[in-house]
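The structure appears right after this line, and notes come after that.
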Amino acid sequence: MFKELGIEQVTIDLPFRLDHVHCFLAEGENGWTVIDTGLHNNYTVDLWEKELEDKEVHNIIITHYHPDHFGFAGGLQNKTGARVSMTKTDAYLGRHSWTNELINELRKNYKLAGVPDEMADKMKNNTKEFIRNVTPYPSIDHYLKEGEKVQIGPYEYEIFFTPGHSDGLVTFYNEEKSVLLGTDHILPKITPNISYWFHGEENPLELYLASLNKIKALDAEYVIPSHGKPFHNANARINEIKEHHEERLEKIHSIIEEPCSVYDASWQLFEKKLNVHETRFAVGETLAHLEYLRKKGECQRDLDNDSWIYYK
């Protein structure tokens with residue numbers, strides 16, 4: 001299917017449990033388009049050097065600001081002189097999420113979440129370590145817009161804003177082939193992390209569920225994700241993901257029958273041993289689900305000793 005679509009998949013290894021990200025290449029009349037770039041590290045730099053040896057890159061499209069997609073955008077732009085496009089929302093988040101101001105606020109935020117001091121320090125440092133993987137920042141030449149048409153290889157795709165996994169994430173749909181470049185919005189085996197990071201949209205799970213419904217209306221036949229293998233029948237997978245979040249919300253309902261912090265709830269929600277990096281995501285996702293319930297009036301939140309306590 002990739003050959004028919006004129007798209008090349010570039011798989012980049014990641015040093016996490018989620019051990020890869022798919023980036024994409026497509027040739028157009030005026031040169032090549034790169035979609036996402038991987039982390040900025042020596043491995044990624046060398047990989048792109050080989051992939052682009054005989055290619056002239058004119059466009060770099062970034063689907064969202066997370067480091068495994070956005071990280072090498074600035075470095076690749078500096079090497080190629082390419083035009084970089086992404087949403088205005090995630091362009092802002094990409095430039096500001098690793099500033100000293102936000103990083104210095106993390107300890108206070110983790111205190112709100114009930115994270116013990118030693119772990120909170122480790123989580124803050126883990127975030128800080130990503131600065132080298134996302135700099136230099138790219139210069140954004142164009143802000144992607146909802147409904148805009150972009151040429152990717154021989155086919156035209158419509159841009160759909162699908163916030164949730166990030167506030168400004170986009171997907172791309174070609175109606176002729178019923179193909180969705182699903183980025184991190186719909187993944188075949190795992191569910192995308194939906195976290196509240198103490199800034200930006202305050203109810204990301206509500207946004208994500210609405211975004212799933214928006215894409216469900218397309219009834220896409222074939223999905224090319226940024227992690228995992230391409231798959232058929234987008235709507236079947238969307239139904240599975242929605243069911244997963246319903247089950248997770250039910251579990252959190254039972255967890256907060258006894259008042260508890262975000263951190264304590266996260267350990268009951270994620271029943272496996274997590275490293276520091278994974279704990280950050282577990283806390284963020286737990287908080288997103290708790291806030292979804294709170295904003296629906298299905299739980300309450302009090303402040304106790306500078307930490308949030310949630311209860312039914």
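Surface composition of the chain: carbon plus sulfur atoms contribute 45% of the solvent-accessible area (1.4 Å probe, protein chains only, all chains present). I'd like the orientation of helix 204-216 relative to the chain: the angle between its Cα long axis and the longest Cα principal axis, in ° from 0 to 90, rounded to 10. Approximately 40 degrees, to the nearest ten. For region 282-295, 3J(HN,Hα) computed residue by residue from phi via the Karplus equation (6.51, -1.76, 1.60; θ = phi - 60°) reads 5, 5, x, 6, 4, 4, 4, 6, 5, 5, 4, 5, 5, 6 Hz, glycine and proline entered as x. With Cα atoms defining each centre, region 3-23 and region 210-269 are spaced 22 Å apart in the structure. A simple spin-label model places pseudo-atoms 7 Å from Cα toward Cβ; at Trp267 and Glu240 they are separated by 3.2 nm. A simple rule links phi to the HN-Hα coupling: the Karplus curve 6.51 cos²θ - 1.76 cosθ + 1.60 with θ = phi - 60°, which for region 242-255 gives 5, 5, 4, 6, 4, 5, 5, 5, 5, 5, 5, 3, 6, 4 Hz, with x for Gly and Pro.
If the Kirkwood radius is taken over C-alpha pairs of region 181-227, then at 20 °C and 1.002 mPa s the Stokes-Einstein diffusion coefficient equals 182 µm²/s.
Our coupling estimate for region 24-29, obtained by passing each phi through the Karplus curve with A = 6.51, B = -1.76, C = 1.60 and θ = phi - 60°, is 9, 10, 8, 8, x, 4 Hz, Gly and Pro reported as x.
Proximity of backbone amide H atoms, modeled 1.01 Å from N, is registered between Gly28 and Thr33 at under 5 Å, excluding neighbours fewer than 5 places apart on the same chain.
Normalising by the residue count of region 105-187, find the relative contact order in percent from Cα pairs under 8 Å and 6+ residues apart.
14 percent
Taking one equal scatterer on every alpha-carbon of region 180-312, how large is log10 of I(q)/I(0) by Debye at q = 0.10 1/Å? Rounded to two decimals, the profile gives -0.35. In region 270-311, Rg over Rh equals 1.05, where Rg is the alpha-carbon radius of gyration and Rh the Kirkwood radius from pairwise Cα distances. By its C-alpha gyration tensor, with a ≥ b ≥ c as the square roots of the eigenvalues, how is region 111-241 shaped: rounded for a/c under 1.5, else prolate for a/b larger than b/c, else oblate? In terms of gyration-tensor shape, prolate. When the C-alpha to C-alpha distance is required to be over 29 Å, the pairs from Lys124/Lys229; Lys111/Lys251; Lys242/Lys296; Lys214/Lys295; Lys122/Lys214; Lys177/Lys242 that qualify are Lys124/Lys229; Lys122/Lys214.
Counting only DSSP beta bridges with both residues in the chain, tell me the antiparallel percent, nearest 5.
So the antiparallel bridges amount to about 70 percent of the total.
Stokes-Einstein diffusion of the chain at 25 °C, 0.890 mPa s viscosity, Kirkwood radius from Cα pairs, rounded to a whole number: 122 µm²/s. Hey, if you put +1 on the Cβ of every Lys and Arg and -1 on every Asp and Glu Cβ in region 1-120, which of Asn41, His22, Tyr110 ends up farthest toward the positive end of that dipole? Most positive-ward Cα: Tyr110. What is the distance in Å between the Cα centres of region 160-178 and region 39-67? Comparing the Cα centres of region 160-178 and region 39-67, I get a distance of 21 Å.
Highest mean packing comes first when the peptides 140-147, 5-12, 36-43 are listed by Cβ atoms within 10 Å, giving 36-43, 5-12, 140-147.
Selection among His165, Ala288, Met119 by position relative to the dipole of the chain gives Met119 as farthest towards the positive end (Cβ unit charges, Cα centre).
The values are calculated or read from the model by the stated rules, or taken from the named source; none is laboratory data. Here the structure is a predicted model, which means the values were calculated and not measured. Because the Cβ atoms are built from the backbone with ideal geometry, glycine has one as well, and the counts that use them run over all protein chains shown. Surface areas here come from the heavy atoms of the whole protein model, side chains and all, with no ligands, DNA or RNA. Shrake-Rupley method; radii C 1.70, N 1.55, O 1.52, S 1.80 Å.
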